[in-house]
Amino acid sequence: TFCFLSVPFQQYPHQSLQGLSLRSVQSNKRDINIKNMQTSQKHHSAAGLHMLYPQPHCSPQFQMIDNNGSSKESFFTLESSTASGTTLPSYDSPSSVSIKSGRSPFSPQGSHSCISDPHPSPENVYESSLTAASSYIYDEAGVKSKIRELEDTLLSSDPKVEEYSGFSPAAGKSWNWDELLALTPQLDLKEVLLEGARAVADGDFATACGFIDVLEQMVSVSGSPIQRLGAYMAEGLRARLEGSGGNIYRALKCNEPTGRELMSYMGVLYEICPYWKFAYTAANAAILEATAGDNRIHVIDFQIAQGSQYMFLIHELAKRPGGPPLLRVTGVDDSQSYYARGGGLTLVGEKLANMAKSCGVPFEFHDAIMSGCEVHREHLGVEPGFAVVVNFPYVLHHMPDESVSVENHRDRLLHLIKSLGPRLVTLVEQESNTNTSPFLSRFAETLDYYTAMFESIDAARPRDDKQRISAEQHCVARDIVNMIACEERERVERHEVLGKWRVRMMMAGFVGWPVGGSAAFAASEMLKGYDKNYKLGGSDGALYLFWKRRPMATCSAWKPNLNQIV
């Protein structure tokens, strides 16, 4: 039995290709060998959200609701397992629908690449993760097996690569580059990008360079969304061929302007796109519900950035009947994030302390100036008597997992958090699968995901807007280049879909906690200030942010599984 996932198959983002097909510009002497091309089908894109999929992996339906409150067509999303909680409806941003209240609730900073001793001592790998009473042995092989099983299923059913390109010259033949260059205005840019990536994946460097030359005539940083994205993806292909991906990634890190400039590059994206506000709004709503009866709250944030999330949280805590609780915030950061913030964590602490004082909220700030990969229990300032909440906003995908190093910092960190006995863990991540998929599938998934993102940016600012161009160049392009040009430890952008995060969280000893009515309501109110094509949806206790029909981000919440010792 099969069901459709996430969107009807014929709808966005799988549109009918426009432009002249590459098939029509090949010489009559060059035969088309579709069967040879189809041998690459084992490298399907990893997203797996838009094709047929076995019924056991299908989650409850979403219901799309229009502005009049009437139900639109239903669709599904991928989940790896069933979580407790109710299914949320999906809300258009401008609508004023009523939401029942229940138990509810693009990487701006420097990377969290963790280059450490490749031969760590067994004594300290999990020293902070395991409690003294623990009799549980972490089953890394089990985690790998579960993740790989889901990855294989995702890769088996998604035709993103083949959809854009169902042909190539027969073995031993070559492309007519002069003819292609002459016809660039009529070619389909997505198709050319995929053919260039296919050549890179096959090790055909001469063909890859030929396609990059063609792409340079088709892309523009001030053009349409696909033209702008194509410029950065072509740069990623070139960097991969030249082995310079890591250098370009480091050179493109956000460097926040100083002085009286209106806003930084990241400030531009923060204002014109709701991705970060979605993370802050949904996570704050979950935190407020989970700690409603606590007088001492300790929030540990693994990507505190400029502290904007806690400005809003402090305002809400100040309204609590009977007086606000004591709020302690621990900000975990690394030195690279200094450039995105314009200063160190001390600036964040001072800003939040001033805000808390003006609102009458007792406040303490603790900083951990290090990569999340280096964090151990003693760095977090945890004390008895506090309700501990841990927040992972678009950051956990930066932690190297078992596919990168034997340290497996991603799972080590989750076990450390479990040992703290947190009241709640909030996880916000991009709904994209680029972690362990092969290069060609990863390229196709990146193309699919960022096409939607660039379209959403395009809806907010004119194409010749210099601030938008700078923001894309300095803060989005670097992530794209990293995913395409880098491998192993240098590739720090390793997104995973919620289904895979669910497996990882459950194996680490957590159980899902519904992100429900209050978060959905707060996020829907926030989205009223943005384009109507942004929508919310929910399934199995998680809250989704969509651009049109493409899931862009998810917010999920987790509590320790008291029946599992980890």
Assess whether S524 counts as being at pLDDT below 95 and among the hydroxyl-bearing types (S, T, Y). no
Pairs, please: C-beta under 6 Å, at least 6 apart or cross-chain, first residue within 13 Å of S222 (Cα to Cα) and in region 446-462, second crowded, with 23+ Cβ neighbours inside 10 Å? F454/R228; F454/L229
Cβ contacts < 7 Å: first residue small (G, A, S), restricted to region 199-219; second residue assigned to a helix (DSSP H, G or I) and surrounded by fewer than 16 Cβ atoms within 10 Å (Cβ to Cβ), any location; separation 6+ or different chain. Result? G210/W177
Conditions first: (1) in a strand (DSSP E or B); (2) modelled with pLDDT under 80. V406 passes all but one, so which condition is the exception? (1)
I need the full set of residues from region 480-505 which are under 28 Å from I226 (Cβ atoms), open to solvent by 10 Å² or more (accessible area, probe 1.4 Å) and not in a loop (DSSP other than H, G, I, E, B), in order please. A485, E490
Collect the residues in region 413-439 that are of a type outside the set (F, W, Y), open to solvent by 10 Å² or more (accessible area, probe 1.4 Å) and not in a loop (DSSP other than H, G, I, E, B), keeping them in residue-number order. K418, S419
Keeping to region 192-209, report how many residues are of a type outside the set (A, V, I, L, M, F, W, C), in a helix (DSSP H, G or I) and open to solvent by 10 Å² or more (accessible area, probe 1.4 Å). 2
Filtering region 266-284 down to residues that are open to solvent by less than 20 Å² (accessible area, probe 1.4 Å) and touching a Lys or Arg at 6+ places or on another chain (Cβ under 8 Å) yields V268, I272
Where a residue in region 301-329 is closer than 26 Å to S371 by Cα and at pLDDT 95 or above and its partner, wherever it lies, is open to solvent by 10 Å² or more (accessible area, probe 1.4 Å) and part of a strand (DSSP E or B), with Cβ under 7 Å and at least six apart: L327/F363; R328/E364; R328/H366; V329/F365
In this structure, does P225 turn out to be at pLDDT 95 or above and either under 29 Å from D464 (Cα atoms) or open to solvent by 30 Å² or more (accessible area, probe 1.4 Å) (or both)? yes
Among the residues of region 285-324, write down those that are under 22 Å from the mean Cα position of the chain (by Cα), of a type outside the set (A, V, I, L, M, F, W, C) and open to solvent by less than 10 Å² (accessible area, probe 1.4 Å). D301, Q303, G307, Q309, Y310
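The values are calculated or read from the model by the stated rules, or taken from the named source; none is laboratory data. Just so it is clear, the model here is predicted, and its values are computed rather than measured. Cβ atoms come from the backbone with ideal geometry, glycine included; neighbour counts cover every protein chain shown. Just the protein is used for accessible areas: all its heavy atoms, side chains included, with ligands, DNA and RNA removed. Shrake-Rupley method; radii C 1.70, N 1.55, O 1.52, S 1.80 Å.
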